[in-house]
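Participant: Before I ask anything, let me first share the structure, which is written out below as structure tokens.
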């Protein structure tokens, strides 16, 4: 599906050389209410347009039932031309536009996102909103039976970022409290800082978010997580006297009965590396408890070493 979307973008670019481009009066071009990308630095952009003799790159628009056209791509170009007209500069009020029709709102939103992130540097707030839009659309398409591969890789392709960056955003989406998400959406904190906050428990997150955004330090929050990592990822050995004693006589059966059943995959899709990493991140505390219990009753040095190494691996995955 992502491939088809990029092919659609290529066709839009190719169409700039065809007769499908229409010159449309600026008064007929209306900003999309669904556009969440900033329309900024207009004066500077207007000077560039004036210097090159007008708008050279076509806008992408769709016809409205009420008349006129909704801008899909080109909000800043329209704003810059309007600025020049308002200042009596010698520039055409007719802009080159490619007229597109969309089968549904999801396809329109995908183009709004793709055409913005592929043509400009966007902020973390805009990236977060883009993720929310694309993720919701992918879930809708998945529910409708559409096949498009692994969600994380598809998101990365749509958003033009790495899968590790998508993982950070998903961590925020899954584990951060609402004030953290709101702060990212409003541009008050970065995605990197929010990702670190989302690794803390809810009480700690709430304490942090009581501070003003300019006092939230990414460095300090990362240090909190690093300190927790050291505390949590301890090495258990056969003669480690610092290991906390666990009350009761635990056996393998006891542990399985006391532990809530955990399914690695909630669907029939094959288990992948991403599935396992998501599973470990989501159930990290449960796994830590399980391994602590097993290690406390193990009496074979090789078994203890194996459990210890696996526990450290889980810590590494959770905090990478």
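Participant: Can you tell me which condition residue 183 does not meet? The list is (1) without any contact (Cβ under 8 Å) to a residue 40 or more places away in the chain; (2) surrounded by fewer than 18 Cβ atoms within 10 Å (Cβ to Cβ); (3) under 20 Å from the mean Cα position of the chain (by Cα), and all the others hold.
Facilitator: (2)
Participant: Taking residue 156 as meeting all but one of (1) at pLDDT below 95; (2) exposed (fewer than 15 other Cβ atoms within 10 Å of the Cβ), write down the number of the exception.
Facilitator: So the condition that residue 156 fails would be (2).
Participant: Testing residue 200 on (1) within 25 Å of residue 109 (Cβ to Cβ); (2) at pLDDT 90 or above; (3) assigned to a loop (DSSP other than H, G, I, E, B), one condition comes back false. Which one is that?
Facilitator: Every condition holds for residue 200 apart from (1).
Participant: Here is a check on your reading of the model: is residue 59 crowded, with 20+ Cβ neighbours inside 10 Å, over 19 Å from residue 35 (Cβ atoms) and over 25 Å from the mean Cα position of the chain (by Cα)? Give the derivation first.
Facilitator: Working: crowded, with 20+ Cβ neighbours inside 10 Å: yes; over 19 Å from residue 35 (Cβ atoms): no; over 25 Å from the mean Cα position of the chain (by Cα): yes.
Taking the combined requirement at face value, the residue does not satisfy it.
Participant: Here is a further query. When you check residue 50 against the structure, is it under 15 Å from residue 25 (Cα atoms) and either over 33 Å from the mean Cα position of the chain (by Cα) or surrounded by 14 or more Cβ atoms within 10 Å (Cβ to Cβ) (or both), yes or no?
Facilitator: no
Participant: Of everything in segment 135-155, what is out of contact with any helix residue (DSSP H, G or I) (no Cβ under 7 Å at 6 or more places or on another chain) and assigned to a helix (DSSP H, G or I)? Give them in sequence order.
Facilitator: In the first step, residues of segment 135-155 are kept if they are out of contact with any helix residue (DSSP H, G or I) (no Cβ under 7 Å at 6 or more places or on another chain); the result is 136, 139, 141-147, 149.
Selection gives 136, 139, 141, 142, 143.
Participant: Now a separate question. May I ask you to say which residue of 114, 110, 155, 138 is within 11 Å of the chain's Cα centre (by Cα) and more than 30 Å from residue 207 (Cβ to Cβ)?
Facilitator: Numbers: 114 fails: within 11 Å of the chain's Cα centre (by Cα); 110 fails: within 11 Å of the chain's Cα centre (by Cα); 138 fails: within 11 Å of the chain's Cα centre (by Cα).
Just a single option satisfies the conditions, and that option is 155.
The values are calculated or read from the model by the stated rules, or taken from the named source; none is laboratory data. All values derive from a computational prediction rather than experimental measurement. Virtual Cβ from ideal backbone geometry, glycine too; neighbours counted across all protein chains shown.
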